[in-house]
Amino acid sequence: IAMEEKKLGFLIAKLFNDYTNYMNSYLKEMDLTLSQTRVLLVLALNNEVSIDYLAEKANIGKSSVTKSVKILEKKGFLTKEIDPEDNRRKIVKITKKGKEIQKAALQINNEIEESIISKIGENEIKTLKEQLITLDELIKN
């Protein structure tokens with residue numbers, strides 16, 4: 001790896017892109033993307049939420065969430081309704097079909113993580129996760 005490729009920002013961006021592509025290659029057989037599965041995960045944990053909440057919790061831009069919601073709604077994985085308390089807001093709810101596909105996608109994610117842990121080691125992964133959380137907190141503050 002060249003010296004400029006050893007810069008922290010470059011390595012983080014490269015890892016994010018490589019991980020996204022890797023996950024998408026596995027999720028493709030389910031006709032899902034990583035962004036869509038993140039939306040489904042947030043919904044599975046919360047049942048019904050706003051687009052803004054989805055974007056924040058899935059850590060995805062609002063326009064990407066809106067696109068994912070539209071695709072997932074067409075596939076029958078979720079529904080979108082007008083918030084009775086605020087006509088400008090949309091409430092998104094996961095369907096039974098959505099919970100089933102989300103469970104399958106989570107299983108793929110768990111298998112991939114277990115595979116990585118088996119190659120690197122559980123302690124190293126735990127340490128890496130802790131360091132990434134610390135780095136994220138440092139950057140935010």
Can you give the helix-only mean residue ellipticity at 222 nm for the chain, where every DSSP H stretch with n ≥ 4 adds -39500 (n - 2.57) and the sum goes over all residues, rounded to the nearest 500 deg cm²/dmol?
-23000 deg cm²/dmol
Tell me, how many Å apart are the Cα centres for region 91-123 and for region 35-78?
16 Å
I need the phi-derived Karplus couplings for region 125-141: 6.51 cos²θ - 1.76 cosθ + 1.60, θ = phi - 60°, integer Hz, Gly and Pro marked x.
5, 4, 4, 4, 4, 4, 5, 5, 5, 4, 4, 4, 5, 4, 5, 5, 9
Note on region 1-92: contact order normalised by length, alpha-carbon pairs under 8 Å, 6 or more apart, percent, works out to 21 percent
In nanometres, what is the gap between the two model label sites at ASN47 and GLU85, each 7 Å from Cα along Cα-to-Cβ?
1.5 nm
In the neighborhood of ILE51, defined by Cβ-to-Cβ distances under 13 Å, what is the net charge if each Lys or Arg adds +1 and each Asp or Glu adds -1?
+2
Check cross-link reach from LYS7 to the aspartates and glutamates: straight Cα distance under 17 Å, and skip same-chain residues fewer than eight apart.
ASP18, ASP136
Anisotropy class of the chain from Cα gyration tensor, a/c 1.5 cut
prolate
List, in order, the whole-Hz ³J(HN,Hα) value for each residue of region 68-79 obtained from phi through the Karplus relation with A = 6.51, B = -1.76, C = 1.60 and θ = phi - 60°; use x for Gly and Pro.
4, 4, 4, 5, 5, 5, 4, 7, x, 8, 7, 10
Taking Cα atoms, how many degrees apart are the long axis of helix 8-27 and the longest axis of the chain, rounded to 10 and kept between 0 and 90?
50 degrees
Interchain or long-range residues, amide H under 5 Å from LEU78's placed H
GLU73, THR95
Can you work out the Karplus-derived ³J(HN,Hα) for every residue in region 38-44? Use 6.51 cos²θ - 1.76 cosθ + 1.60 with θ = phi - 60°, whole Hz, and x for glycine or proline.
5, 4, 5, 5, 4, 5, 5
Run down the lysines and flag those whose C-alpha is under 22 Å from the C-alpha of LYS67, throwing out any fewer than 8 positions away in its chain.
LYS28, LYS57, LYS75, LYS80, LYS90, LYS93, LYS96, LYS97, LYS99, LYS103
For LYS140, list the aspartates and glutamates whose Cα falls under 20 Å from its own Cα; do not include residues on the same chain fewer than 8 positions away.
ASP52, GLU56, GLU130
Non-local amide H neighbours of SER50 (under 5 Å, H modeled in plane, Pro and chain starts lacking H): which ones?
VAL92
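Read-outs throughout are calculated quantities, based only on the coordinates presented, and are distinct from any laboratory measurement. Keep in mind that this is a model prediction, so the values were computed, not measured. Positions of Cβ are generated from backbone atoms using ideal geometry, with glycine treated the same way; all protein chains shown enter the neighbour counts.
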